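The values are calculated or read from the model by the stated rules, or taken from the named source; none is laboratory data. Note that this is a predicted model, so its numbers are computed, not measured. Note that we place each Cβ from the backbone using ideal geometry, even for glycine, and neighbour counts take in every protein chain shown. All accessible areas refer to the heavy atoms of the entire protein, side chains included, with ligands and DNA or RNA removed. Shrake-Rupley method; radii C 1.70, N 1.55, O 1.52, S 1.80 Å.
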Amino acid sequence: KPRRAQKVGAVVQGWAPFPFRRWRRAADACSAGAGVGTDRCGGIAETMSMYVRIKRQNQTIFMHVEPPDTFASIKERCGEVLELSPQSINLYAGTESEPVELADLATVGDQQIENDTVLFMVLKRGADSWEPIELS
């Protein structure tokens, strides 16, 4: 009878999904001194992908992003999902007391956006007005 992995909390001991194993092997190679100072080791942290949640009223979009992605490209992807033009979308980060508008040319890495960060989206109303920012 094959031995089954034992469940420990939410993690299954003795089993890891493929991407984690691949990243872990590369990280171990760097920490062991293989390729120190090369792009391979430096590229691990820079190209680490992540997910952000983009919220608007009762809608939430889960989006896969990477540090070099610009907020203009994120707006384009949101526009495709919502069937709107990117010019009619603004993105904000921060808290309700201090919302920070995310400039189109800024990147996810520039703004130090981390995995599972919540961004807030507002849409354009008419020619010059925008929806109120609801950061909740």
Notebook entry, point to check: So which residues in the range 59-102 are in a strand (DSSP E or B) and among the small types (Gly, Ala, Ser)?
Noted result: 93, 94
Check: Is there a residue in the range 103-123 that is modelled with pLDDT under 95, open to solvent by 60 Å² or more (accessible area, probe 1.4 Å) and assigned to a strand (DSSP E or B)?
Finding: no
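Residues checked against (1) touching a strand residue (DSSP E or B) at 6+ places or on another chain (Cβ under 7 Å); (2) without any contact (Cβ under 8 Å) to a residue 60 or more places away in the chain; (3) among the acidic types (Asp, Glu):
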| residue | (1), (2), (3) |
| --- | --- |
| 72 | no, yes, no |
| 96 | no, yes, yes |
| 103 | no, yes, no |
| 109 | no, no, no |
Margin query: Restricting to the range 48-86, and then to whatever is of a type in the set (Asp, Glu) and under 13 Å from the mean Cα position of the chain (by Cα), can you tell me which residue is least open to solvent (accessible area, probe 1.4 Å)?
Written below: 69
